[in-house]
Structures are given as structure tokens and as C-alpha cells.
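Have a look at the structure below, then the notes.
The values are calculated or read from the model by the stated rules, or taken from the named source; none is laboratory data. Not measured: the values here are computed from a predicted model. Ideal geometry is used to build each Cβ from the backbone, glycine not excepted, and the neighbour counts take in all protein chains shown. Side chains included, ligands, DNA and RNA excluded: accessible areas come from the protein's heavy atoms. Shrake-Rupley method; radii C 1.70, N 1.55, O 1.52, S 1.80 Å.
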Amino acid sequence: MIDLKNADPHFKWEIIKMEGGEGLLKCFGCSDCAASCPVRYFDERYNPRKIIRLTLLGMKNRVLSSPFLWFCAHCHACTERCPQGILVAEVINAIKNYAVENGYCPEGYKVQLDLLKRLGRLYEVEDFDLKKRQRLGLPPIDKTIPEVARILEHTGILKKVGQ
Amino acid sequence: MAKPLVAFYWCASCGGCEEAVVDLAEDILKVADAVEFRLWPVALDFKYADVEAMPDKSIAVSFINGAVRTEEQEHLAKLLRQKSQLVIAFGACAHLGGIPGLANVANKNEIFETAYKLTRSTANPKGVYPQTVTETEYGKLKLPEFFDTVKTLDQTVEVDYYLPGCAPPPDLIMQGVTAILEGKLPPKGSVLTVEKALCETCERNKSKPDKLMIKEVKRISEVIADPEKCFLAEGIICLGPATRGGCGERCINANMPCRGCFGPTKEVKDMGAKFLSSLASIIDVDDEKEIEKIAESVLDPIGLFYMYSLPSSILRRKQGV
Amino acid sequence: MKKYALFLGCTVPVRAQHYEMSARAVAKELAIEFVEMAGASCCGFPLKAVDAETSLLIAARNIAIASKQNLDVISLCNSCTAMLSDAQLQLKNNEFYREFKKLGFSYPNEITVKHFVRVLYEDIGIDKLKSAVKKRLDTLHVIAHYGCHYMRPSYLYGFDDPEIPHTFDELVNVTGAQSVEYMDKKMCCGGSVLGIDEALAVTMANHKLSIAKNNGVDALISICPFCTVMYEDNQRKAEEKFEIQYNIPVLYYPQLLGLSFGFDMNAVGLRFNRVRPNALLEKIGLSD
Amino acid sequence: MRVLVCTCKDKIKLTNLDLGPDVKIEQYFDLCKEKPAIDSDEKVVIAGCSPNLLETLFPNLNCEFVNLYEHIVLIGHPIEKARDLIAAAVEKMKVVTPIKAKIFTIEKKSVVVIGGGVAAIEVASQLAQNGVGVDLVERSPFLGGTVAQLDRLYPEGTPYSHTLMPQIAKMLESKNINYYFNTEAKDIKGRIGNYDITLQTCSRGVIDCTHCGKCVDVCPVEVDDAGKMRKAIYYVPTYPDIYAIDFNACTKCGECVKVCEGKIELEDKIAEQNIDAGAIVIASGLNWYDVDKVTEYGYCRLPGVMKTLEFERAVASGVLKPKKVVIIYCAGSRDANHLPYCSKICCFLGLKEAKLVLDRYPETQVYVVAMDMRSFGTFEYFYNKLREKGVTFVKGKPSEVIKRNDSLVVRTEDLYTNELLEIEADTVVLSAGFVPDTATFDKLGIKLNGDFPVLFENADLGNTALPRGIFTAGAATFPAGVADSLVDARKAAFSVLNLFRQDKIETKQPNAVINEDLCSICRMCIGTCPYGALSIVEEKLKVNEELCMGCGICSITCPVYASQLELFNPQGLSHQIRTLIKKGDVLALLCRWSAYNATDKAAYDKYLYPENVKIIRVPCSGAVDPSHVMDAVNNGAKGVLIGGCYPDACHYARGNFRAKAREQILKQNLDLLGFSRDIVRLEWIGKDEANKFVEIVKEMNK
């Protein structure tokens, strides 16, 4: 049961303030998003309509702690079809961002963040890779791009996830 | 026949108005032929005492540019009024207060503090501010009093005509001078340019949609404006609709929106408030929160709506300081 | 000669060199000049779920590199294209631009971002591609996998029909290979959930693999290194999980196009494909 | 200037009022009874009780009312306040432009009815019976409009002819109607009482007809007319009894001419003629939404996916015998990418199609997939009946229709079970919405609000946003069913009859007047007019007197005061404020439709407020200029309250939003000039919210 005693009426307003969260209130629950969602097609535990619904009801803890929130593949199938013009994938992403701000960052993302901080890219470029590129006639690439770390410092995201 | 006597004086101004006279180019020789200068501190050496010694109304016309900010300027404005048949407020500062008029968002102390203490290039360890009287071993040195408030010329003395602009364009100056010399002047108190707003003659007005509504307010510094399109149609604030025309759209032609140096048209008392109203009205958003957001995006409304006209507005200056 | 800045991203230069090689080879053939983007980083997409602003700033910085050279950007990866396109749109937003400038970056020239395949379709054109084909691959039947961020979200791209996409099929057909019409064409590869729930991701990838198998095609044609990871690298996992044999080669489109241009199979890096396309090569008479 | 002061039967005791030699004060014991004569051109000030009452007794005058009873006596303020209020009113009246009477002469007393559907027929019929000459202009060759395309009408399912044919028969009894078929109004000029309409008529092809039907037999061209097959020469059994050629399909092979017993001309030519009228009724009906734009549902792409009309006609004519049907509701409706609104009638259309197919083929399996079933009123019985007939209703919005193994599959989520649902079917019916046919409105330059010709959020505006000589009937303004269209048509006919009783209409409603010496055609005002009354005609800004409703929003928008509202110009209000406001006062500028009424209520309910609160009545919160606030502040006002209607409830549609934007920027301005942001407050005050008004002014008075 959804117990509204645990609801936070500010939650939806908080999400609207997030980048991409703007359209949230327009949802009228038609479920076109859920019916279009490829992830839900294979795993009914993920349901974008339900996440949005719970957000509108203010069930903050339940939404933020849900492991299924992270199932969104950001494929935008829902966005294309939403009759209310909600950028559904962006709204879900806004909720994810909010979850990160509130200490719910999945480990996988922390690893990626660390890689980007150190390297500026997701994969380490070893000498082996550079040699292979050279052999294949491909131009050399930068091993690290420290500028990325500067951006991470600037936005304070490292602090947010406790790095 | 003796040539009419003319005075040209500057109060609180940047000197641009004097430049505008020089910009008359060869025409300045015609003016010099027709009149005799009795005071023109920037160009010729006359003493105030010479003017004081003249009989009242002996000067045919005094052109005064700049706003009135100090005791000396006030004194000269009054003196020239007394000695002249006609007083012309020359340029935006004399007419409306101009850029120096924006100082009315501060008072004397705040200005002194900024100018003589806080600016990084200032070294003033003792914190000395200008004094009206300073005792020295050579005697008393006097400086004119610096007022709290910048005033327009007509808030100081009666003004017969206004030559608008920052600075007035040479062709308008020439027209004005010719009208005076030929005695073909409009009713007293007129602004010596056209009656309608800038849009009337602006080339870009044609590109404006009939229903001009905007969803975003932009400043020219934030975007690169399309040189063909009406600024307002692109959401860039342009004071053209509220500003008297006759300037030849100099700014518009340089791809800068109008900032209102020619002042309001005749029915409007408070140009800034009026244009604020117009601009707010075309914000095409029907949501209170959105409206608040857009209103907040209008940064520095005083500098925007009252760039040249704060001292001539209804409230004239910042209150309570 | 058309000039573009080439954005490689993370995966392509390190894990999918054959994609890069083949793309460079066909580009050269089509008189497209790639200018390297020195200092380009990750596109920012992996951080979007963590903090949208950070990811957009990273993307915008990459765009700034191309903007300085006043070159439109070509990306080989669907996700990179989406991320960079989003940032390109954001750069027109004053608030974002101010933040961007605070970091000391600038965006002097307005440039566009396009996927390489979109450039082939829009800027080069079907006709020109057709005339470059020297060896028609008429015997091949393939399925074209668009991937999500090729045409979605349409508000970023305004390209192709997000419901009934057709451009990539047309491009595949140019080579002579037949792009087979199939169900659930727009289905996601599952790549985005790989890090969250591998079993689910593999199930998603399996869906299209099974459709491919049912259609009896010779290959699945991909235009995104992410999708290829799902369909090729994880094919074995899908086979194990669903107890089925697929053995479906996954080719990058430039590889297929290169073959139709008459390139040597090494020139398009075919030996790096993890599912060996031996049967396919045999069909077109290139078996080694 | 005359100032008429009423004692309200001795309740207002105002003595020794002297406002200088130019102002003549007249005292009345009971103004309501005594009713002194006031010249309609004269400017006067009337001081007495609330203008809400006085205005009904002294309507249409150049008059400013001063409310002495509700604003002074009842509220217990000293009577000396009256002097300031009256003096300020006098100062205002000195500078306002008096109202010029607008006279619309009704020169022609005939009507043009545009359209030929049920609404148009009803209007024409009613008017003709009442002796009004009617020109009925129909685009197609036959009467009947959308209704004639249907098989049956909901909810009973009666054949359309039950309704339409008696209606046509009744209309044909009148001799006052000229019919123009294959005709469109190409151009409309003029104004109320005298319109000049250019008609453009395409040829019908069939000149004379014996109704033998041989032409149809020999015609080789088959045309799919929304699910029903017909020939290029055809007949719709309504009116007139003459066949017609569909020149879009006709190949001009000449077979029909050979067998014709009457006369056929295969030349499609266009003729023009002009007619005049005193009024126009637009009954142009509606168009079906192009559902092929909803690409995910596969219309045009997947065989078996059809529109409701096609389905209805195909089932009714026996061409289609489906086994399993899915009816998808809101195909493109309530959808930001297509029709953002609800078309109101398609829920019943869908139910009707379900009943139709079950009536014919009871064994058919029918699924209705709907986000919401909007079966208001008696339609709930219809909905109940269909459930009992075995229709399966699914709550949800299908994501897509696909083809799988030769059958159509509707993919959706079933919101009742929260599970994904795929329904296989041979036929998928898309119940799409409707769009009004706005071609005529465009020709008349009538402002559309979104998709519709008139504003709907404001009941009053629905009637006033059209020029005075233009009326609408039926589904021309919004999708409507047959019953609603007929009621609406009778209403339109009544309005026209009412208009034609008079030879002229005179209004003294204040209008905006443009001072061409000042207007630089900067176009700031045009878009702010809620009625589209402003436009540029021959390089000059013009006010359409038929449309202007006197809100004053344009005069406040105008950056040079070139636009001036009669009786309420910005300079007048400025003078009034400068005279009225003294140091420490609180000025309340209140919308006459809402906030001002609250002050009357405050007096009756004894919500007292301090005497330094001075109230001025304005037409709209959108008719207040920031410089008015500056004036009051400059005079030392402690605060300025602008009271307006709640959002979306503005009498003039958008005036309060304009006010909001001005207030928000003004606040920033005043902040920089050293004032509290709250020195000016725009508040939404309902007409009964006396307590809210009083609380606010008390706060502002602190």
C-alpha cells in the first residue's frame, strides 16, 4: 500500500527544478511510456509510469531507493510517444540525478566517475593500444584528458558522490 | 550688423557633445561666420567674470550640455540663463540626465567612497575626500560642492529647447542652429527633432511580425543579432518604440539596439516606466511562475530602461540614501 | 572535399578500431576529410544519469574543440551523437552558456553534430554512394539495427522518422545486400542496463538476435560500438543463457559499405570481428 | 464640469464642497429618484453610492463615479475624504477623451449561412420561416455535411436520415432561401449590416437530371469515398435531386454524356458572383483529423487499420465483416504532438461503431482501448449497454500497432492489471478527433485561440470575441454532436433575428482610439489585444470597432501613449492619482470586475480599513501603467495595491497576466531605487474577498 503519511509533498517540485525534470506535472497516467518501454517489455519490475506516479504522490524514499530506477536505458522510446509532450527519459534522468544528490549513486557510476576523473575517458589507453593503432594506420590519441577532472571539480559532482 | 553672441558650456558630461560640434566638419565654419562665441571653455579662453559682467539677455543663445551635478555647474547654468535670450539643453545629459544621471542610484558619499577609496587603482591611505574648502599655506583652496543628486538642466533653470541625443547628430545640430538663426522656431519647450518614435523610420521595423510577442528577454551582449531583423522580434531589448526618432538610427545601423538617448515622445513623462510596461506586456506567457522567471531575467532594469533618463523620471533617484 | 571534425569517444579508438578503420577508409573513398580533435574526451554520456549538467559540460567542451576549427562534428557512436547534440542545443541556452564560459571555454562558431551514417545519407547522398559501389553484395540478407540514439529523441535530431525509420535500410540496400524488414526494429540493444543488470541486458540483446536468427540473415549491421558490444561481445552469453546457437556476425556499416566498394577485407578490419563472418565472406566470394 | 453629489437620502452629509470656479456642484437628495438629465457628450462626475449601482441607472455616459457611500460612510471614514476623491475624479475627467458613440447601421437584412450540414440547415430554416432572406453556401454538391456521410447517429443508432430528411423537407418549404452548391465564400468584405461576399462556384457537371441513374452504370471510375465505393458521377440522397460529377476523379471519358436523359457538361469551370448580407452565420462544421500523422498506429501503412468513418461505412455497406476489432480511442487526441484537446464526441462515436458491428455481426469480438471513457450525462447508459453486449474495455493508451504473422497486434498496457497486453485483431479502428474548419474565420481575419476561432476559457468572451455581425452555429467552433449543433443553430438564428429587429445599433462602450500623429507602427500593442481588434490597414494602425471591448490593455502597452482608451486614458489616471495621493496613503487600483466589488462587500460586511486607503476603479488590472505606481510613490504613497481577477479568470482574457509581468519587473526597478519590493503589490482578489482586500491594505499600511 502507498502510505501517504510517508509522502513528501515537495518532492515533485524538487524534481521539476532539476535539469530535464520540467514536464513531470503534465503526466496524466496514460501508460503509453510503459507500453513503449523496451526494458519493461522484458522486466515488468521497471515501469516508468509507476516511477512518475510515485514521484507525483511524493513517495520520495521509495522512488530514490528503488534499484529499478536505474533500469531506464534512456532510449527515448517513451519520449517519442508521450501524448503530453513530456520528455519522459529526461524526467527519469532528473530523478536519477536527484537520487545521486541524495546519496543513492550506484557503484558502477562511481567507478565510471573515477575513470573520467583520472583519464577523461572510460577506458585506459595503454601503450599496447597506441601501438596497435599505429600498426593499423590510425592516428595517435591522448592518453588522458585532465580538463575533464576540472569540469568535475567545477560542478562539485565528486563531492556529491563522496569522492 | 553685429553677430549674435553665443555661449557653449559643458556641465556633467563626457565631452561627446563637444565632439559632436566638431563633427559638423566644414559646416562649423558657417556657424563661426554667423555668430560670435562668448564662452566655450573647451575651445576658447574666456573668463566667467567676463560673462558675469555682460548685461542680462545679451547672449542670443546658450548651448548647455551635460547634467547638473556640482555647484559650479548650477552657478553657470543660472548665470547663462540670466544672460541669454535662449537656453538650449544640448544632448541627452542636459535633456534627461544622461549616463551621469545613473549616479542617482547612489549618493555623494557612496560615490566618493567608490572613487577615492574602494577602486583598486586608488591609493588614498588617509581616506581623504574632496573638500569644498581646503586650508593651505598659500591660502584657501575652493572646490565646488558635489551634489547628492544629478539633475537635468530644466530641473535647474528654465530651458527653451532641447537638442536630443548622445551626442546630438550633426544634422540635427545644424538644423537647430539654422532654425535659431533664422528665427523659425517651434513652440517653446520643444525637442528639436521629430515627434514619432524611432520605429517610424527604422528599416528593421518592416521585418517585425504584426503580432510581436516574446517568450524570452535577451540582451544584446548575449546573442549575435541578425542585422536584418527587428531586435524586439528576436527578444532583444530595443528601446526604439519608446524613443523619439530623428537620430538616423545610428546605433541600429551598427547592429546595436536603441537604448533611448533621444528620450521619450511628448506624451510620456517617465520613459523607463513606460517602456517597462510595453516590454512586459508583450511577454507571451500565461503562467505566473514563468512570468516571474522571465522578469528576473531582465537584469539591471534601471540601466536598461533608464540608461539616459533617470534624473528626468518621476522618481528621479534612489530614495533613502 | 568535405571536412569534418571526427569525434571518436571512448570505445571506438580502443575497442572498435575496425569500425574506425573502415569508417576512415570509406570516408576517404567518398572524399570526406576527417580532422582529428586533439584533446577530445569522453562525450559525457556515462555521467548523464549521475549529473546532467556535468555531462553536458563535458560534451560542450568537446564541441568547443570543433567549434574553434569551425568544423561540423561527425561521431561514430549513437550515444556520443545524442550527447553532443544535446550539448549543442544547450549552448544556445544563455544560462548554460554562462556556466560554460565560467570554465573558460568558448563556442565561437555554431556547428552541427551528426552521426557518420547520417552524414552519408544527408551530405553524401544515396546516389553518390551507389556510384561508388564496385562490388554489389546481392547475395547477402542482413538486418539493420538502428540503435536508439540514431533517430531518437527526435526533438534533438529532426532526422528520419522515429516511428518508421528508413534511412539506414536505404543505406544498407545501396551495397546490394538486402535489408530485411523485421519486427521490433527500434528495439533497444540493452547496452545502457549492462552495468546495472547484466542478465536483463543480455535478455534484451537476445531478442533481436533471435529475430535475426528467425529471419535467417547473414549478419546484423550495427552503427554503434555500444550496440555491437551487446550483439557481438555478449552473443556467447545470450547463447548460454537461452541455450541456443546464433553465430550471427555483427558488422559495422562502414565495413559492409567498404566491401561493396571493393575493399580488401583487411582494409575494413574484418579480422577483428569477434563472431567470424566466414560464411558471409564465402557467400560474397571473399573467403580466405 | 458638473459634479453631481447625491446625499443618498441624507445618509451622505457633504457640505461646503468647493472645487473652484470651473466646477459646478449639484446636490441631490436622492439621485436615483431625481435622475437629472445628463447630456451624452458631457463629462460629469457623479458622487454617491457604488458605481455598481449608479452605472445601471446612468449607463453609457462620460462619467466618473465617486463612491462616497460604500467607501466613506459605511466604512466610517471622515467625510472630508470625499473632497479629495471628487477633486481627483474631476482632474481625471478634465483630460480624458470622451466616448464617441459607435453606430452600426443594419442596411441589409438578409443572411449568408456558410455550410450545408445539420447546423446550417437548421439556421437557414429557422430564419427563412421568420421572413429573413437566406443565402446558403455549401462547398459540396449536396446538403447534409458530416451527418450525411454516416450510417447512423448515436446513441440510439437511428439512421441519419431520421434526423436529416425531415429537417431538409422543412427547409424546402420556405421560399426565402437561395442555395449555392459547389460554392465557397472566396472573399468577405464589409462590416455588420453590410457585408459583401464574393462566391466562387465550381460546376456541378450535371445540368439537368431525370434521376435515371444510367450515368452511374456506365461510369468507369471507382472512387473510395471514406470506406464506401462510388462512381465519379454520383448522388447523395439528400438535396438537391440532381447528380453531380466529382471532377477530382472524373476522367472526362464522356460515357455518361452518351447515356444521359437530362444534360451533362464535362467542363469544370469556375464562376464568381457577389452577394450581400447584413449578417453572416458560419456553420462550416468540422474536419476529421488526419490520423495518418499518428504514425505508430500504422494508418495507411498497415491494411486493416481504418478510421471510424471508414469502418462505419464499410461495415454498414457490408464490405467488411470483421471477426476481431480493436477500437483505439484518442488516436492523436489529448496529445501534444497532434490535437492537444478532447474532441468531446469521439468517445460516443467509438461506442456507436462498437454497437454497429455487434448489431450486424453479434459474434464479433470488440475491444475498446481508451485512456479514459468520457461518457457524461445519459451517455453512461450507452456505455453500460455496450459492456453488457460483451465489449471488452481496456484502460490504457496503445504504444503501437504492428503486424505479426498476418494479423494486427495492438500493444498496450492494461492499466487495470498493470500488465502488458497485446491484442491480435483483423481490424483496428482509430477513433480520432476533429478539427473545426477555420477557412471562413481566416478570411474574416478572426483571431484563433490555439486551434479554435474563439476563446473558450471565458464564457463571456465566447460570445464577444466575434465581430458583431458574425455568428457561429454547430461544430464550426468546436466539435459537437447533432443534438448540440441543432440547439446551437437555433441560438444563432435567434441572435440574427434579434439583430434584424433594429435598423441600427448604437453602442457607447469605450473604445481604443489611435493618435496617428504619435503612432510609429511599432506593433507592440497588436498581439496584446485579447480580441484581435488591432491591425495594420494601409500602413496605419486601426482599431476594429466591432471587436474592441474597451479593456485599455493596448493603451498601457503603447510605448508612446498613441493608443488611448476613451474615458480612461493613462494620463487621466495619472492626474487622478497625483491629485488624490498624499504622503502616507495607500492607493488601491482595483479591477472593476473583481477586486473593486470586494470593497463594496467590505463596506456591507463591516470589514473596516484605514481611511488613508484610497480606492480607484480601473477597467482591468492590465490597464494600470507602471508610471501610475511611480506617480503614487512619488507623492509619498506607502503602498500601491493593484487588484485583479485570478489567473485565467480575467474578464479581458489576459489583462491580469500583462499586469503580472509589469509588476514583476517594476518591483525590481523600485528595489534598485531604494523602495521595498512590496511597495507595489498585484493581488488576485475575487469579488467577494472583502477580507482578503482588507488584510492586504492593512498590511500595506504598516
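A few points about this structure:
- If you filter the range B:212-237 down to residues that are assigned to a loop (DSSP other than H, G, I, E, B) and either under 17 Å from the mean Cα position of the chain (by Cα) or facing chain D (nearest Cβ under 10 Å) (or both), you find that the one that is surrounded by the fewest Cβ atoms within 10 Å (Cβ to Cβ) is B:213.
- Screening residue A:48 on (1) within 14 Å of the chain's Cα centre (by Cα); (2) within 11 Å of chain D (Cβ to nearest Cβ); (3) open to solvent by 20 Å² or more (accessible area, probe 1.4 Å) shows it passes everything except condition (3).
- Just one of the listed residues (D:33, D:9) is open to solvent by 50 Å² or more (accessible area, probe 1.4 Å), in the same structural domain as residue D:94 (by TED's automatic domain parsing) and either touching a Leu at 6+ places or on another chain (Cβ under 6 Å) or assigned to a helix (DSSP H, G or I) (or both), and it is D:33.
- The single condition from (1) at pLDDT below 95; (2) part of a strand (DSSP E or B); (3) surrounded by 21 or more Cβ atoms within 10 Å (Cβ to Cβ) that residue D:284 fails is (2).
Residues checked against (1) out of contact with any strand residue (DSSP E or B) (no Cβ under 7 Å at 6 or more places or on another chain); (2) modelled with pLDDT of 90 or more; (3) small (Gly, Ala, Ser):
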position	(1), (2), (3)
B:186	yes, yes, no
B:196	yes, yes, no
B:199	yes, yes, no
B:203	yes, yes, no
B:210	no, no, no
B:216	yes, no, no
B:222	yes, no, no
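- Exactly one residue out of B:148, B:160 is open to solvent by less than 30 Å² (accessible area, probe 1.4 Å), modelled with pLDDT of 90 or more, within 30 Å of residue B:74 (Cα to Cα) and out of contact with any Pro (no Cβ under 8 Å at 6 or more places or on another chain): that is B:160.
- Search result, residues across the range D:496-513 that are open to solvent by less than 30 Å² (accessible area, probe 1.4 Å) and not basic (Lys, Arg): D:496, D:499, D:500, D:507, D:511, D:512
- Selection of strands (runs of 3 or more DSSP E) fully inside the range D:517-584 by the criterion of at least 2 residues being open to solvent by 20 Å² or more (accessible area, probe 1.4 Å) returns D:534-537, D:540-543.
- Complete set of residues in the range D:681-702 that are touching a Lys or Arg at 6+ places or on another chain (Cβ under 7 Å) and surrounded by fewer than 18 Cβ atoms within 10 Å (Cβ to Cβ): D:688, D:701
- Hits in the range B:274-313 - residues which are at pLDDT below 95, more than 22 Å from residue D:552 (Cβ to Cβ), open to solvent by less than 10 Å² (accessible area, probe 1.4 Å) and not β-branched (Val, Ile, Thr): B:301
- Residues in the range D:315-347 that are away from chain A (no Cβ under 14 Å), open to solvent by 10 Å² or more (accessible area, probe 1.4 Å) and not polar (S, T, N, Q): D:316, D:318, D:319, D:320, D:321, D:323, D:324, D:344, D:345, D:346, D:347.
- Test: residue in the range B:306-321 that is part of a helix (DSSP H, G or I), at negative phi and within 7 Å of chain D (Cβ to nearest Cβ): no
- Only listed residue being outside any loop (DSSP other than H, G, I, E, B), under 29 Å from residue D:277 (Cα atoms) and in contact with a strand residue (DSSP E or B) (Cβ under 6 Å, 6 or more places away or on another chain), chosen from D:124, D:89, D:119: D:124
- Number of positions in the range A:19-31 that are open to solvent by 30 Å² or more (accessible area, probe 1.4 Å) and more than 14 Å from chain D (Cβ to nearest Cβ): 1
- Exactly one residue out of B:123, B:49 is among the small types (Gly, Ala, Ser), at pLDDT below 95, open to solvent by 50 Å² or more (accessible area, probe 1.4 Å) and assigned by TED's automatic domain parsing to the domain that holds residue B:170: that is B:49.
- All positions within the range B:275-310 that are without any contact (Cβ under 8 Å) to a residue 24 or more places away in the chain and touching a Phe, Trp or Tyr at 6+ places or on another chain (Cβ under 9 Å): B:286, B:287, B:288, B:291
- Boolean, residue D:297 is without any contact (Cβ under 8 Å) to a residue 40 or more places away in the chain and surrounded by 15 or more Cβ atoms within 10 Å (Cβ to Cβ): no
- Number of the exception - residue A:72 against (1) away from chain D (no Cβ under 14 Å); (2) under 28 Å from residue C:63 (Cα atoms); (3) open to solvent by less than 10 Å² (accessible area, probe 1.4 Å): (3)
- Some residue of the range D:489-506 being closer than 23 Å to residue D:343 by Cβ and out of contact with any helix residue (DSSP H, G or I) (no Cβ under 7 Å at 6 or more places or on another chain): yes
- The residues of the range D:640-680 that are within 28 Å of the chain's Cα centre (by Cα) and open to solvent by 20 Å² or more (accessible area, probe 1.4 Å), listed by number, are D:646, D:647, D:648, D:649, D:651, D:654.
- Residues that are within 7 Å of another protein chain (Cβ to nearest Cβ), open to solvent by 10 Å² or more (accessible area, probe 1.4 Å) and either farther than 24 Å from residue C:270 by Cβ or not aliphatic (A, V, I, L, M) (or both) within the range C:16-37 comprise just one, C:36.
- Of residues in the range D:405-430 being out of contact with any Gly (no Cβ under 9 Å at 6 or more places or on another chain) and in contact (Cβ under 8 Å) with a residue 40 or more places away in the chain, the one nearest to residue D:226 (Cα to Cα): D:410
- Residue count, the range C:38-60 (criterion: surrounded by fewer than 24 Cβ atoms within 10 Å (Cβ to Cβ) and more than 21 Å from residue C:196 (Cα to Cα)): 3
- Some residue of the range D:453-467 being assigned to a helix (DSSP H, G or I), more than 30 Å from residue B:203 (Cβ to Cβ), at pLDDT below 95 and over 12 Å from the mean Cα position of the chain (by Cα): no
- Residue, farthest from the other protein chains (Cβ to nearest Cβ), within the range D:652-676, restricted to residues that are within 23 Å of residue B:214 (Cα to Cα) and outside any helix (DSSP H, G or I): D:652
- Filtered residues of the range B:107-149 (kept if part of a strand (DSSP E or B) and out of contact with any Phe, Trp or Tyr (no Cβ under 9 Å at 6 or more places or on another chain)): B:133, B:134, B:135, B:136, B:139, B:140, B:141, B:142, B:147, B:148, B:149
- Filtered residues of the range D:251-260 (kept if surrounded by 13 or more Cβ atoms within 10 Å (Cβ to Cβ) and in a loop (DSSP other than H, G, I, E, B)): D:252, D:253, D:260
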